[in-house]
Amino acid sequence: MAKWACGRCVIGGDHAGYSMKVEVAKFLRDADIEFKDCGAFDDQPSDFPDFAELVAAEILSGRAERGILICGSGVGVSVAANKITGIRASLCHDTYSAHQGVEHDDMNVLCIGARVIGPELAFEIMRSFLTAVYTPQPRHARRVEKILAIERKALSGGYITDKATS
């Protein structure tokens, strides 16, 4: 049995990720990992940014430690989630990236493409993600702090110039 680094997880995905999300929920239940499902709850057309926002809200509120987002390619949910301050999401279709993203970059949201990989590979990737622990060696901590500085600069309007607004 894996040693889970995450006490509570949150999952979500659009219609394209729905059937994979059902499999993910079963995996988490079978592994005795507490989780919240933010939808979608069927395969009717829906918009991935809505689920990225719901999953992020659970993490930022402290009600969950990590999130898993699923859409067709995984790209959309990754882009949307990374717009939210405090979220470090990454599309991972291999186990190395899933654990390295947590260990080095303090990644808190795993994004998966349901039309790209199958459930068994997704389970292996989730195991890597959910058992990994951030290990803030000086170079890792320095890089994460630089990411946080970029967030602060963006929030303060530091990237807006007259050329960008004209």
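Here Gly86 meets each of (1) touching a strand residue (DSSP E or B) at 6+ places or on another chain (Cβ under 8 Å); (2) closer than 30 Å to Lys153 by Cβ with one exception, condition (1). The single condition among (1) at pLDDT 95 or above; (2) assigned to a helix (DSSP H, G or I) that Leu69 does not meet is (2). In region 1-30, the qualifying residues are those that are among the basic types (Lys, Arg) and assigned to a helix (DSSP H, G or I), and the one that is surrounded by the most Cβ atoms within 10 Å (Cβ to Cβ) is Lys21.
May I ask you to verify whether Asp105 is of a type in the set (D, E, K, R), touching a helix residue (DSSP H, G or I) at 6+ places or on another chain (Cβ under 9 Å) and touching a residue at least 40 places away in the same chain (Cβ under 8 Å)? Judged against the criteria, Asp105 is a match. Set side by side, the residues Gly67, Gly101, Gly158 differ, and just one is on the phi < 0 side of the Ramachandran plot and not assigned by TED's automatic domain parsing to the domain that holds Tyr18, which is Gly158. Taken together, Ser78, Ser90 contain a single residue that is touching a helix residue (DSSP H, G or I) at 6+ places or on another chain (Cβ under 7 Å), at pLDDT 95 or above and either assigned by TED's automatic domain parsing to the domain that holds Ala16 or hydroxyl-bearing (Ser, Thr, Tyr) (or both), which is Ser90. Of Gly39, Gly62, all but one fail to be free of Cβ contacts under 8 Å to residues at least 24 places away in the same chain and not in a helix (DSSP H, G or I); the exception is Gly62.
The values are calculated or read from the model by the stated rules, or taken from the named source; none is laboratory data. What you see is a predicted model; the values in this text were computed from it and never measured. Note that each Cβ is placed from the backbone with ideal geometry, even for glycine, and that neighbours are counted across all protein chains shown.
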